[in-house]
Structure formats: C-alpha cells, structure tokens
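Contents: one structure, followed by commentary.
The values are calculated or read from the model by the stated rules, or taken from the named source; none is laboratory data. This one's a predicted model, so the numbers in the text were calculated from it and none came from an experiment. All Cβ positions, glycine included, derive from the backbone under ideal geometry; neighbour counts span all protein chains shown. All accessible areas refer to the heavy atoms of the entire protein, side chains included, with ligands and DNA or RNA removed. Shrake-Rupley method; radii C 1.70, N 1.55, O 1.52, S 1.80 Å.
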There are 2 protein chains.
Amino acid sequence: MKASQFFISTLKEAPADAEIASHKLMMRAGMIKRLGAGLYNYMPMGLRVIRKVEGIIRGEMNRAGAVELLMPVVQPAELWQETGRFEKMGPELLRVKDRHGRDFIIQPTSEEVITDIARQELRSYKQLPKNFYHIQTKFRDERRPRFGVMRGREFTMKDAYSFDRDVESAGRSYENMYQAYCRIFERLGLEYRAVAADTGAIGGDRSHEFQVIAETGEDAIIYSPEGTYAANIELAEALPLLSERGAASQALTKTPTPGKSTCADVAELLKLPLTQTVKSLVLAADETNEAGEIVKSQVWLLLVRGDHDLNEVKAGKLEGLKGGFRFATAAEIDQHFGCKPGYLGPIGLKREGEGSVKVVADRTVALMADFVCGANEVNAHYTGVNWGRDLPEPDVVADIRNVVAGDPSPDGKGVLAIQRGIEVGHVFYLGTKYSAAMNATYLDENGKPQLMEMGCYGIGVTRILGAAIEQNHDERGIIWPDAIAPFTVVVCPIGMDRSEEVKTAAHKLYQDLMDLGVDVLLDDRGERPGAMFADWELIGVPHRVVISDRGLKEGQVEYQGRRDAAATKLALADVVPHLQQRLK
Amino acid sequence: MKASQFFISTLKEAPADAEIASHKLMMRAGMIKRLGAGLYNYMPMGLRVIRKVEGIIRGEMNRAGAVELLMPVVQPAELWQETGRFEKMGPELLRVKDRHGRDFIIQPTSEEVITDIARQELRSYKQLPKNFYHIQTKFRDERRPRFGVMRGREFTMKDAYSFDRDVESAGRSYENMYQAYCRIFERLGLEYRAVAADTGAIGGDRSHEFQVIAETGEDAIIYSPEGTYAANIELAEALPLLSERGAASQALTKTPTPGKSTCADVAELLKLPLTQTVKSLVLAADETNEAGEIVKSQVWLLLVRGDHDLNEVKAGKLEGLKGGFRFATAAEIDQHFGCKPGYLGPIGLKREGEGSVKVVADRTVALMADFVCGANEVNAHYTGVNWGRDLPEPDVVADIRNVVAGDPSPDGKGVLAIQRGIEVGHVFYLGTKYSAAMNATYLDENGKPQLMEMGCYGIGVTRILGAAIEQNHDERGIIWPDAIAPFTVVVCPIGMDRSEEVKTAAHKLYQDLMDLGVDVLLDDRGERPGAMFADWELIGVPHRVVISDRGLKEGQVEYQGRRDAAATKLALADVVPHLQQRLK
C-alpha cells in the first residue's frame, strides 16, 4: 500500500474524554473516530488491525474444527423470551419494535439463536459434537460507555457455541476451545494468562477468562509464579493462613475504643498487629412467597481478618445465601446486635431459633486465638477473644475472603502473586442451561431425546485492539505486535521529490517486500522527516526503513524496530534479508 | 475442507413461504435459515459464498483506490436530523431509543455518517478526491419482506462514497466506480447490464443501475441489441414513432361507443388499429401555502397513444409537475371535462386562464393525424381528430411514455429490446445534496470553503446470491459461477469405507487440489451415491469428480461439470490437469 492511496490522519492531542492510554492513542493514531457515546467509526488504519485479528481468530477456530456461520444483528424477541433473558436482562439489552410493533433485540450475544438453529439442525447423536461460530457486530447499551473500544456499546465479537451429547464430550469440546484460544493469543503476539473464573449462577466448574496482562487492567489476576495456578480474584482460593488454632493466652477484656470504628484504627490504638483483629460484616437473605413478598429475613455475620476483604462471590456460594443476599439494614443490625456498625462482633449474639444470627468465619479467622473484635457496644472492642471459651464455635467455616499477594498457592507451589489484566476472551461450560430452556434435544442411539450439553466461547475482537495497546505502548505511541500491526513495515523515503535515487530505491524496496508478501507501506506523502517519524511511532508500525540521499551516497539505509533504542545502518542490499530475519 | 468437518444440511422440499427459485434453492441447499420475517441466518454453506463475493468486491474497490473503513450499525439520530431523513424516511427506517431515551437508527445506508467523517477529516483540496467504503450489515424494515435474500430486512451491503472538489472531478470518480463495478460483475461471473437510471429528486444526469439479467427479475431493462444503449424503463427515452405529422384526411366525427371505455375496446369496435387511438390521463398538481394548505390545483391532461403507457417518472420532470402530482379526483375531472373517465379527450377544453387544463402530448401523439379520442361525453368518441384544425396545438410536447420493444433506439442503432433484470448495484452522482445539508466543505487553493461534490455507490452483497441463482439454476438446483461457488470442486468417493483404493485416491486428489490452491471439498460423509450427487447438484458446486472402485479398476475417474449433460471419463492422472484447464 502507498500512503497516497490510503488514509492517514493523526492528531497531536487526544480528545478530553479519552482517559486511558489505548483510547488516547487510538484516537490520536486515527484508528477510530467517535460517532457517539460508545460508538466508533473504525477508520482505515484501525480496520486493518481488526481484519488481522479476525483472520487469526478465524484461522484457529477453523483449525479447531469449528464451523463459521452468520447470525443476524436484529433478532426476534420470541427466542429471548423462551430463555427468559428478554425480561431478565437489564437496559443493556437494546430492545426495538419494528413497523408492526413486534419486539426485537440488537444482539449482545447469540445463545438463543444458535440454540434455535441447533434444535432444528442437530437431530442425531451422529451429528455431535458440533461447534458453530460467527464474527459479528454486537451491541450492549452500557450505562456509562468509556475507555474507547474497551467499554464501547457497539463492538465486534467472535462467539462460538459447542453442542455435545454428554458432559464428558462437552469437556473435550471445552478443552479444544481452550487450546484454540491459547493458540490465538500466542499468534496475536500478546502476553496473556488463562485464569479460572467463577461460573456464577449457571454452575459447573469450567470457566476460564483469557486476560491480556496490562498494568492498567480492570481485573486482578491471581497466579502462582512458581506453579501453573491462575484464577481471577472472584474465584481464587484463599487457604487458611494458620495451620491450627493456638491456645487461649489472654483474658477476654472489653476495651474502650472511642471513635475507632475500623480494624486499622483499633489496631493502631491498641498497638496490636492488624492481623490480630477481626472484621464483622452483616448480611441478610430474604425468603419470599409466591407473590414475591418477603416473608422472612435471616441475618448473617461474616468474619474476616482485619487485613482481609470479604469476597461477595464466595459468600454467594454459602448454603442459605445462594439465592441472593444483601447487606443488612441499620434497623436489622440494631435489632440483632443492639449496636451500630463499627463496633459489631460475634460475642453475645442469639445463635439459635427465631431472630438468631448465623455466624460464618473465614478459614483463617476460625483458627485465630486471642483476637480483637467489636463489643456490640459503641466505642468498645473486646481483646483476647477465643472461640469456644468466649463464644460458640462459628456455624460455618468457609473461604469467604479475597486472596492477597503472598498467600500460599492452592497448588502447593510457593505463594500467590497478583497482576492486572484485561479480559478479552472467555470460555464457558454452559451445561444444559439453554438447551433445557429451549428444549434443544438430539436422539441418542436408542432414539431417545436427550438435552444437548453446551459451551460458549467469546473473544472481544475490537477490545483486543485496546488491550494490545494497553500492554504495548510508550510515550511516543503504540507498539503493535507484528501479527496485528496495521502495516508490518513502513518505508520512509526522505526528499523523494528532490532525489531520483531515493525515489528509485524506495520504490524498489517497497516492491521487493510486496513480492515477498510483506505487508509494507510506502510513505509517499512527502512529509518532513520529523512529522513522518512521529506519525509512524504514534501509529506503531513495528519496523521502519528510512531511505535518504545522504545514506544512499554511502550505500546505506537505516532500519529501526519500534522498540529499538536507535537505528541500525544497513547496506541497501542487506535490508530485505535483515527484515526477513526480524519478521520470522 | 472435508465434509465431516463442515456442516451440510439439505432439504427435499422448500418451505411453503418460498415463492421464487433462488429463495427455494437457498433454503433447500442449506445456504440460509429463516430466523424471522426477512431475517436469515447465513449457514456455513451460504456464508462461504458471501465471503467470496465480498472478497471480489473488496479487491476491485481497493484496486480502484477506494479505502475501506467501518461505520457502526447503530447510528445517532442527530446526523439523520441534519439531513432531514430522520423525519422524511418512512417506517422502513428502524428507529430505536437507548437506555437514556436518546434516538438512534439502525443504518439502511451511511450517507450521513460518512459526510460527518468527511467534513471533519477532509479539510483541504489536497486531500481530494477520496473514496471511502465499507461492507456492513444494513437494515430496512420492509413492509412485506419476501423472496428470501432478495427483499430481506437485514442484509449486507457494500456502500462507497466519493468526495470531490468539483463536478468535473466528481465525474471522474463516478466513471472510476462505474468501471470498478463492471470489473466486479465480470469477476463474479454474472451476466449483467449497466443501465442508465433516473436520478429522481436529486437531479444530475449520472446514475446507473447494475442489473443481473434474469427472466424472473423485477425490473425492465431497455437496451439496444445492436448498440450500447441501456437504461431502465423509468429513464429510457421514447423517440417519436412518426417522422412528421400527416395531413388531415378525415372529418371530425362523433361516434357512439357505448360501454367502450378503453382504447382497445374502441379500436375493436371501430375496426381501427390501436395505434390510431389516443389515451387521456388526467393529473393534478397542488400549490400549497406555508401552512401546507392547498391554495390552488392545476389540472393536466396527458396524452399517449392507445398502445402506450404513461411513464410517471417522465411526467414528474415536466415544468409544473416537478413539485409532485397526483391523479385528478372524480370531482376535478367532472368540473373540467364535464364527463367521467373512459370517454375523456382534449377537444373543447378551456385552455387559458382560471380553471384551464394544460394539455401535454407525447412526442408521437403530437405527430398523429386523423386520430381517435374520447368526446368528453359518456359513450362517445371522436374519430378523425386533427391538431390545429379541431383543437389547439398541445401546450407541451414531451416524452412521457414508457418505451416498448421495437421502438427505435435513442443511439440510432436499430430498435430497442426489453429484458428482465435484478438490481444488485447502483452508482449515483449525489452532487451537493448531503454536503450542503451537513455543511461538508473543504478549503480550496485560496483558503475559501467549498462544498464537496459527492457520489454514492452501493452493491447488495447478500442480494447477489439470490440474483446469481435466479440467473443460474436448473430443475436440479443451483449452478454457481466458479468464482463464487461455496466450493469450486467436490470430490465424491463411492464406497470409501469399503475400498482402500478409493480412499487413497480420493484423499490424494483432495490433497493435490488443495496444494494447488483449489477450493475443494472431499465428501467423506459416506452417503449413498444418489443422495450425494443430489446434494451437490442442489448446492451447485460447479465441478465434480467421482471416484469409484469400478472406475479405478480401469484407472479412471469421472468428471462432470455442473452444466455438462453427462460425465467424462478421465484417467486418474489426467484429472488435475483437466480441472486446471476447466478452472482457467
């Protein structure tokens, strides 16, 4: 491609609403152009990156035996009513009525439509397993779209759906996609981590997020640098930090702690380590009747060590809280603790019968001795608290906290570390959630209908652009991995209008690289060197060759990799072999 | 591709709602699957065709210097309000409100968004000309979607938009796209015709439709078999069929024609040729005040020969009817003609002043002598009518009729013929319609802002599938042109499970063709020969090779082109060269 036949539009300054590096750089490099809140035009430079990302995804999906089709953007509400998602999904689901007043949605994903296809097309066990995918425009009406393509409203996504005859086969389909995703992210040239993720309400134990590592990532990734363990913070298991409970050595003592309503403040006042304190969190779970009216509420006290944080996803897995929970109201707390928050604790609570409080201790808290907690009296805490002696054992002991860096790794290999990531892919074992709701069955060997086991597998195509940039940029601009750069090589002639030698050499190099199948751009715009270099460093083309009159006089051109500190002088004849070496 | 890794799903019967061949065959061949009215899933077999069509379009657009980008499906209403299309367009424009109640539309085309991009990005004459295109999902909420992909609601379209500094340059951009479209339809392997089309309200004289020739086409294409003239019926010029007006030879005579209210009936009754009669059509044009109230209506009488039809598009170009017209009401006709329709004519009308009728004669009618027309009296016609003698000359003589086969060609070369076509592409010179509405200007050499001259260029990607099938099918199924067939060659082994020789030969041929870059499918499903052949004839793969045990014993395989009457026996070693020859 020659620059004069393309469209290049760079900006010195990013618009004010661009908060993060990828958003700023994509706007400045002319990759995207804002059309409205969360809506972007993909300009020619950005579209080239999208097409390369799509090409890699498509190649690996096909290699994994998945079959591409294309489902509409506008989908009838009926199917979404079959699964209940038309009603259940919030306003992020864009709903629209056609000219006849019939309900439609703009697809955020396509579970319903693909299950509708599967229940009609996959009739026999002989047709299974099958994996269908498409790469299509999606819409999610985010309440607060921001960060450019990272949280846009309209975006491109690759979504795949597998259909299997049983759980075992579904496991193989899942593993197949997991491996395909690893190959995709390898080929994209991104540093990534596949982390075990929570499966939420659907259940099952198979869900992995594919996270692109970046300091600016929204997600915390927990991993074992010495082992293979990796999970997101919602799922990562927190082992107890004590091997057994120590013996009680202090007397239970009520201590005045005026105005000290946090563990940190209390520890400081009492000159005790924060790890000696226990934090009290009060939840409530409501029971409702068929009319949806609350008939009973159970209050729960959850205890984590003072330096730890409650993990609400883990709390939501406790028997009794699975159906949903909320934080208790001030009135409920007053009724059950006779005190206001900040001084709450597990001592002296009604633990049985009507109006009782269920006490859950984190694994570590359950093994603590001589600990500090609120006295259920304003401006007072207990010290020297011991389970069994000062209060009954907890009703439940469970992992209910977020892990922290330095926690032992669940795989027994060293301690956990935390890094930040951007979720760009997700593989998910769905089980029969959708096939049951939509009666998607196949006939087994005995001619008996059986529900299909499903999995879904998504990659945010446009989001990958943002994630790649968050991971790969510097103060001058983007640094694309070779595989997804808008152009792999840029040839920059200096003074092409003045020098026939420069013009000839530049065109020859351009043509030689084209002939070798290298995605090369010849910058024939006639820009000044400074502006030209600034453009390509901003746009992030990974390999640059500069051809100048002065260099040619010595038979030389300059090569510079986007991450290289300085340019390398090369003989004109060596530049193609050098590039071939670098592009390997 | 091996069939076992793909998805093939054919039907014996087409669904009842499929009316035309392409719709029936696409459903039966498993190319598309209905999701809702006018909404189709593109199944794997159909998507392959789409991708090939897109590839050809993209290649030729890039070759023509157009630059690809991607504009969103969901677009803010604000831009559509700037041009007035948000209000003006009917319910075929799908409107939607987001969670904040803001108006959006699902794009049917993208003139507004591209003009918004151009007015921001194309600031100087140095950046012009520029042509941007995208291939994107479109939605048009058809009142009555039907005919499968031919009149669907959601469809894929390639739309391009050119921006030029002046009319002359815009003409070159138009010609460039016209040539690119010719190359595209050549490469698609379709018989097509570029026909001059009406430019409607926008004006300008440059608009061409690209019509795929098919007997079932909705559009009438007028062309000169001996010359190069081609236009659609709305535009095709109708020359006068008489060179000069003959002398009056009959007396004006009122003749009773009881119950004969059509020219055909009158001609039959009077034993005169239909070409001697004149048909009267009464129109009215309203003048309105600023409040939109009708302040005055002018009645028009349009005269065409009895065997001709009025062309309303041509009528709409007459001075006085440009602003819009309607057929006159019964009351208006009674007031001006004193008669009811069926017996109307141009004699005895008030031709001047308040309450007058304007008389327009078609070019041929203006040259007729001794003609027959209504007498403005029920059950009576005049014969022997002559201009000048029996009534004043017409106020206007113009081309106001549809051409018919046999009319002289406007280019002077022979006579016109009519064929049916399916519109799949349209190139259109827009002038400043959108740039003026949205103030899209560039700075000229003198730093003065000038409106950009625009053109738009569309191709219905998904519609091409339907048009290609309407043109290329037989009673057994689809006959794809090589360039867009889902697979170019299918290798059909018979009894691969029983014969190691067949298996080896089939896999080797498959691999050899793959290595040559031929898009080949190996049918390893193990279907019976009859079912297998029926599938591939239905799906329309253009080249088939059958490998059987019996044939191999004689060292032979069978080749059959989809249009061939019978199979050709070939030595196994000759099949690859033979295919290469056929695929040239």
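Under a Cβ-only charge scheme (Lys and Arg +1, Asp and Glu -1), can you give me the dipole magnitude of the protein assembly as shown about the Cα centre, in debye to the nearest 20? Can you show the working numbers first?
On the way: 144 positive and 166 negative charges, 113 e Å.
With Lys and Arg at +1 and Asp and Glu at -1, about 540 debye.
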More than 23 Å apart: what percent of Cα pairs in the range B:487-583 qualify? 14
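To the nearest 0.05, what FRET efficiency results for residue A:389 and residue A:167 with a Förster distance of 60 Å applied to their C-beta separation?
For R0 = 60 Å, the calculated efficiency reads 0.80.
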Is there a simple number for the mean count of other chain Cβ atoms within 10 Å of the Cβ of residues in B:34-46, and what is it? 6
Listed by chain and number, the lysines with an alpha carbon less than 16 angstrom from that of residue A:97, same-chain partners under 8 positions apart left out, are B:97
Relative to the longest principal axis of the C-alpha atoms of chain B, give the angle of the C-alpha long axis of helix B:44-63, reported between 0 and 90° and rounded to the nearest 10°. 70
Loss of accessible area when A meets B, both sides summed, Å² nearest 100, probe 1.4 Å: 4700
Indicate the gyration tensor shape class of the range B:504-559 (rounded, prolate or oblate), computed on the Cα atoms with a ≥ b ≥ c the square roots of the eigenvalues: a/c under 1.5 is rounded; otherwise a/b larger than b/c is prolate and the rest oblate. oblate
Zone of residue A:89's modelled label, taken as backbone nitrogen in the range A:108-133 under 15 Å from a point 7 Å along Cα→Cβ: A:108-116
Between 0 and 90°, nearest 10: helix A:500-515 axis offset from chain A longest Cα axis: 60
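Please report the net charge: other residues with Cβ closer than 15 Å to the Cβ of residue A:250, K and R +1, D and E -1.
With Lys, Arg at +1 and Asp, Glu at -1, the net is +2.
Calculated from DSSP H runs of 4 or more alone, at -39500 (n - 2.57) each and per residue, what is the 222 nm mean residue ellipticity of chain A, nearest 500?
-7500 deg cm²/dmol
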Rounded to a whole number, the mean other protein chain Cβ count within 10 angstrom for residues of B:132-141 is 3
Position residue B:580, label points 7 Å along Cα→Cβ, spacing to each other copy in nm (shortest first, one decimal): 2.6
Quick one: label points 7 angstrom along Cα→Cβ at residue A:248, distances to the other copies in nm, smallest first? 13.2
Select the chain A residue whose beta carbon lies nearest to the rotation axis carrying chain A onto chain B, and write the distance in whole Å. A:96, 2
Which of B:241, B:230, B:217 sits farthest toward the positive end of the charge dipole of the range B:212-347, with +1 on the Cβ of Lys and Arg and -1 on the Cβ of Asp and Glu? B:241
Take peptide A:90-98, look around each residue's Cβ out to 10 angstrom, count Cβ atoms belonging to other protein chains, and average those counts. 4
Around residue A:180, with a cut-off of 9 angstrom between Cβ atoms, what is the net charge of the other residues, counting Lys and Arg +1 and Asp and Glu -1? +1
Would you list which aspartates and glutamates come within 18 Å of residue B:271, measuring only between C-alpha atoms, while excluding same-chain residues fewer than 8 positions from it? B:307, B:370
Estimated distance in nm for a label pair at residue B:516 and residue B:580, the labels positioned 7 Å out from Cα along Cα-to-Cβ: 0.6
Residue B:309 to residue B:82: FRET efficiency via 1/(1 + (r/R0)^6), r the Cβ-Cβ distance, R0 56 Å, to the nearest 0.05? 0.90
If you fit an axis through the alpha-carbon atoms of helix A:461-471 and take the longest principal axis of the Cα set of chain A, what angle between them do you get, 0 to 90°, nearest 10? 90
Sort A:141, A:309 by accessible area with a 1.4 Å probe, largest first. A:309, A:141
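Cα convex hull of the protein assembly as shown: mean projected area in nm², to one decimal?
The number I arrive at for the protein assembly as shown is 63.0 nm².
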Could you let me know the centre-to-centre spacing of the range A:351-395 and the range A:210-232, using Cα atoms, in angstrom? 34
Could you please state, rounded to a whole Å, how far the C-alpha centre of the range A:295-322 is from the C-alpha centre of the range B:23-75? 51
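Nothing charged except the Cβ atoms of Lys and Arg (+1) and of Asp and Glu (-1): what's the magnitude of the dipole of the range A:401-516 about its Cα centre? Round to the nearest 20 debye.
Roughly 400 debye for the range A:401-516.
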Charge dipole of the range A:267-362 built from unit charges on the beta carbon (Lys, Arg +1; Asp, Glu -1), centred at mean Cα; most positive-end Cα among A:285, A:339, A:355 is A:339
Which value, in debye to the nearest 20, gives the size of the charge dipole of chain A about its Cα centre, when Lys and Arg are +1 and Asp and Glu are -1 at the Cβ? 1100
At what distance in nm do the modelled label points of residue B:13 and residue A:124 sit from each other, each positioned 7 Å from its Cα along Cα→Cβ? 2.1
Rounded to the nearest Å, the spacing of the alpha-carbon centers of the range A:119-175 and the range A:450-506 is 26
Burial ranking of peptide ranges B:192-199, B:16-23, A:291-298 (average Cβ count within 10 Å, highest at the top): B:192-199, B:16-23, A:291-298
Just name one of A:323, A:431, A:480: the one whose Cα is farthest towards the positive end of the charge dipole of chain A (beta-carbon charges, Lys/Arg +1, Asp/Glu -1). A:480
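Hey, what's the range B:95-145 come to in accessible area per residue, 1.4 Å probe, Å²?
Accessible surface, normalised per residue, equals 38 Å².
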For residue A:528 paired with residue B:215, estimate the spin-label separation in nm (one decimal), with each label point 7 Å from Cα along the Cα-to-Cβ line. 7.0
Heavy-atom accessible area with a 1.4 angstrom probe orders A:570, A:239, A:11, most exposed first, as A:11, A:239, A:570
Residue A:500: accessible area at probe 1.4 Å, nearest 10 Å²? 120
Label points for residue A:167 built 7 Å along Cα→Cβ; distances to same position in the other copies, nm, shortest first, come to 7.6
